[in-house]
1. About its Cα centre, how strong a charge dipole does segment 69-141 have in debye, to the nearest 20, once Lys and Arg get +1 and Asp and Glu get -1 at the Cβ?
2. With contacts defined as alpha carbon pairs under 8 Å and 6 or more residues apart, what's the relative contact order of segment 2-203 in percent?
3. So what is the calculated 222 nm ellipticity per residue for the chain, using -39500 (n - 2.57) for each DSSP H run with n of 4 or more, over all residues, to the nearest 500 deg cm²/dmol?
4. Cut-off 10 angstrom, C-alpha nodes, Gaussian network model of the chain. Which of Gln92, Gln44, Gln14 fluctuates the most?
5. Under 29 Å Cα to Cα from Lys172, which lysines show up? Leave out anything in the same chain fewer than 8 places away.
6. Ratio of Rg to Rh for segment 3-98, alpha carbon only, Kirkwood?
7. Could you run the Karplus curve 6.51 cos²θ - 1.76 cosθ + 1.60 with θ = phi - 60° over segment 140-149 and give me ³J(HN,Hα) per residue in whole Hz, x for Gly and Pro?
8. Only four residue types carry charge here, +1 at the Cβ of Lys and Arg and -1 at the Cβ of Asp and Glu. Report the dipole size of the chain about the Cα centre in Debye, rounded to the nearest 20.
Amino acid sequence: MLEIHEIPVTPFQQNCTLLVCSETGAAAVCDCGDADPVLHKIEQLGVKVEQIIATHGHLDHVGGTHELKLALEVPFWFPSGDLWLLEGISEQARMYGLPPLTPAIPDGDLPIGVDVKIGNCSLEVRHCPGHTPGHIVFYDAAAQQAVVGDVLFQGSIGRTDFERGSLPELTKSIQQQLYTLPGQTVVHCGHGPTTTIAHEAATNPFVRSV
Ligand SMILES: [Zn+2]
């Protein structure tokens with residue numbers, strides 16, 4: 001069974017997630033916007049992180065990844081459609097008046113249709129463009145839970161006013177890739193509380209179920 005621990009990081013209160021296979025103790029970090037609180041949690045739980053992954057290239061999701069990768073010496077897998085954002089991370093920091101950041105160098109892509117293995121658990125990779133063009137989400141079919149980054153929030157959806165964002169694309173991603181999951185699926189969002197697919201499909205005011 002995959003345990004998901006949320007760790008809010010950065011001034012944007014982004015939910016970094018620590019994904020742990022409860023049978024083997026193998027773990028992965030997803031969306032590391034800041035390394036220190038994540039390293040603290042890893043030590044507290046005593047888990048063995050084997051890889052770092054990310055949903056997309058915004059700085060609150062990847063800003064601490066270079067530092068985390070150096071500290072843990074593990075590979076970093078990243079969706080290639082958002083490489084332009086990752087490589088421009090210092091420009092993102094400048095826009096928010098934050099100090100410059102070093103982009104983490106990915107060890108490879110997270111291709112759609114190739115599952116991410118964490119110990120005995122596996123995560124399906126689904127492409128959900130609209131907030132950013134390369135945005136992916138991770139779905140754990142065995143435990144019916146998902147890590148969705150900035151695609152869907154409790155009662156809200158990701159912003160589409162950033163460069164290369166698209167509301168029609170985001171709407172389509174949510175309707176086709178998320179609302180089609182089992183209703184009881186627990187959704188871990190990039191910001192704010194967790195929710196479920198059934199709750200959002202029935203009540204989300206921004207994207208209706210079709
Ligand atoms: Zn974002």
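1. Values: 4 positive and 9 negative charges, 30 e Å.
Dipole size: approximately 140 debye.
2. Values: 472 pairs, mean separation 32.0, N = 202.
After rounding, I find 16 percent.
3. Values: 7 runs with 49 residues, N = 210.
Computed mean residue ellipticity for the chain: -6000 deg cm²/dmol.
4. Gln44
5. Leaving aside lysines fewer than 8 places away in the same chain, those within reach of Lys172 are Lys117.
6. Details: Rg = 13.0 Å, Rh = 13.4 Å.
Rounded to two decimals, Rg/Rh equals 0.97.
7. Once θ is set to phi - 60°, the couplings for segment 140-149 become 9, 5, 4, 9, 6, 8, 9, 10, 10, x Hz.
8. Numbers: 10 positive and 24 negative charges, 94 e Å.
I would put it at about 460 debye.
Every number in this text was worked out from the coordinates using simple rules, so none of it is lab data. Keep in mind it's a predicted model, so treat the numbers as computed, not measured. Here Cβ is always computed from backbone atoms with ideal geometry, including for glycine, and neighbour counts include all displayed protein chains.
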